[in-house]
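One structure is given here, and the rest of the page talks about it.
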Amino acid sequence: MTGKPRRLRLLLLAGTVLVSACSIAATAWLSVQSTTQTLQAEQGRKQAGLARVYDAVLGYGAVHPDWSGITPLIEDLSRQTGLHIQLTTAERTLISGTAGAEDLQAANQPAAVVDPLNVDLDLRPDTPQDRIDPRAVGPFLLTAEEQRASRVAAEADAACARRDGIAAEVRTSPSGHSYAWPYADRCRSLVLNQPTEQSALQQINKHVHDCQISNRTPYSPAYIGADGALEMLPFPDSTPLNDKCLANARRAVLASHVAPAAFLFVGQPAGRRTVVGLPAAGITQIALAASLVLVLAIAVSFLLAGRVLRPLTVLTAAARRMRAGDLSARAEVKSRWEVSEVAAAFNDMSAHLAHAETLRKNMVNDLSHELRTPLGTMRGWLVAAQEGVADLDADLLELLLQETLVLQQLVEDLQELAAADAGALNLRPEPVDAAELLAGVAAAHQVVLDVPAGLQLRLTADPVRLRQVVRNLVVNAMQHTPADGRVAVGGRVEGDEVVLTVSDTGNGIAAEDLPHVFDRFWRADRSRARVTGGRGLGLAIAKHYVLAHKGTISVASEMGVGTTFTIQLPREET
């Protein structure tokens, strides 16, 4: 046992030294790496911010004929990305910019050229091959009425396609042209070009025709596809030229509808400079700090190892004793830190297990005693009847039936206690006047009713279970009160509670027995016969029912004077 704590002490010491040394070495390395990573992260953030700014500014230019209203967008983008932004004409005349961005164009080349008709594929790689921003629709933009008509036609196409088993949905292009995708060939005829599209298509085809004449290629007009995009009828050996003609025609038609090309400048605000290198004086300070950390780590390791291992050794020995069956094992730890809390929890667990084991043994003994008497009686009479010593007449059958009922009641009581332990008591609460309930119990058992006339004790409870609780207490009181004694049930209101009492002038209960009154199978006189002493379950069941009603039950007694049971339950809110 002594070798293991020593090895653990050395392990703690070695681990502390190793962690300290690694921490010191990592500090110097991280001081350089963190600076490099910071710079790389700043570069990445700047690039991501540039792409975001470019896309937003490009989108504005694609749907506006000039840059006159761009300033609010520039300021909003600057707040979101943390970048200084400046937009100028191709001649570097300022269009719009944020505060602090005055020197951007003087010290830098443009970060990008914003031209909706010639998109930068590095910043927007998803742009079509003709490099025209899809958001630039110009004369193809449908009116609100045309957009509604296009939507209706597209929904009809989608419904038609779905009837053919195609999972079609309705999509809308930037121009407002709606279409079904995927589509069914037989349903495409339902989609018709709107007047705005037809007019714009005529402009496109005029430019396409002029281009094809210049290139000496067969005339192939453009048309609007099912998805609202412009397409060309393919001809052998002329497709690349036709595509070029279509792109040029689109640029010619869109030129007056989009903003002109502009220079975009972005830059980061001036911040703290990061020093990558470490001076000699800084290295000396790090070495000195490292030495102090190592000395402190060694001292703390020795101190903590002793304080940790001593109480843990005691706790381990107690645990092994408990495992061997000694439920009285306790860990005597005098430490005032976390290990003492572990030891206290262990001692509490040990005491709980010992108490539970005692209860288990007592319950087994009590059950054996409770079952032995009725079973012995029944067996004796049945053997006597079998051997002809006794006649199996009506009186004997009645006796056997009574003993069977005793066993049945015992099983039912145990079932109720099991349900209470599992939190599964079945209650049916309803408004109840406890004064009327007490009067009924008093009349049934011919005991004194001590409730002021006219007093109503209103509460919400299960009347059957509450009556059972009071009846159990009354029967218990009558069993321990002589014939010339007095048993009374009473009730009153105290604040927000209804208080019910069952008192008697019996022999009373000894002070050392009061804590066990509600324990199952408990009797003040263990030698008392079951006929006079009951099964020892009534009070335990009563307590569980009171707790289920969110109430409390208590007992006060004086030897030779009598006993009073008090039930406190919440009043019904009025």
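A count restricted to region 57-109 and to residues that are under 22 Å from residue 132 (Cα atoms), in contact with a helix residue (DSSP H, G or I) (Cβ under 8 Å, 6 or more places away or on another chain) and either of a type in the set (S, T, N, Q) or modelled with pLDDT under 85 (or both) stands at 1. Of the residues making up region 555-574, those that are open to solvent by 80 Å² or more (accessible area, probe 1.4 Å) and in contact (Cβ under 8 Å) with a residue 60 or more places away in the chain number 2.
The single condition from (1) exposed (fewer than 15 other Cβ atoms within 10 Å of the Cβ); (2) in a helix (DSSP H, G or I); (3) modelled with pLDDT of 65 or more that residue 332 fails is (2). Could you list, in sequence order, all residues of region 50-80 that are open to solvent by 60 Å² or more (accessible area, probe 1.4 Å) and not hydrophobic (A, V, I, L, M, F, W, C)? Within region 50-80, 52, 64, 65, 66, 68, 72, 75, 79, 80 qualify. Within region 125-169, if we keep just the residues that are open to solvent by 40 Å² or more (accessible area, probe 1.4 Å) and β-branched (Val, Ile, Thr), the residue that is nearest to residue 48 (Cα to Cα) turns out to be 143. Does residue 390 satisfy being modelled with pLDDT of 75 or more and either more than 43 Å from the chain's Cα centre (by Cα) or open to solvent by less than 40 Å² (accessible area, probe 1.4 Å) (or both)? The answer is yes for residue 390. Scanning region 81-97 for residues that are surrounded by fewer than 20 Cβ atoms within 10 Å (Cβ to Cβ), part of a loop (DSSP other than H, G, I, E, B) and either of a type in the set (A, V, I, L, M) or in contact with an Asp or Glu (Cβ under 7 Å, 6 or more places away or on another chain) (or both) yields one hit, 90. If only residues of region 492-532 that are in contact with a His (Cβ under 9 Å, 6 or more places away or on another chain), of a type in the set (Gly, Ala, Ser) and modelled with pLDDT of 65 or more are counted, the one that is nearest to residue 552 (Cα to Cα) is 508. Scanning region 533-547 for residues that are at pLDDT 85 or above and surrounded by 18 or more Cβ atoms within 10 Å (Cβ to Cβ) yields 543, 546.
The values are calculated or read from the model by the stated rules, or taken from the named source; none is laboratory data. Fair warning: this is a prediction, and the values are worked out from it, not measured in the lab. For neighbour counting, all protein chains shown are included, and Cβ atoms are generated from backbone atoms with ideal geometry for every residue, glycine included. Side chains are part of the model used for accessible areas, which takes the heavy atoms of the whole protein and leaves out ligands, DNA and RNA. Shrake-Rupley method; radii C 1.70, N 1.55, O 1.52, S 1.80 Å.
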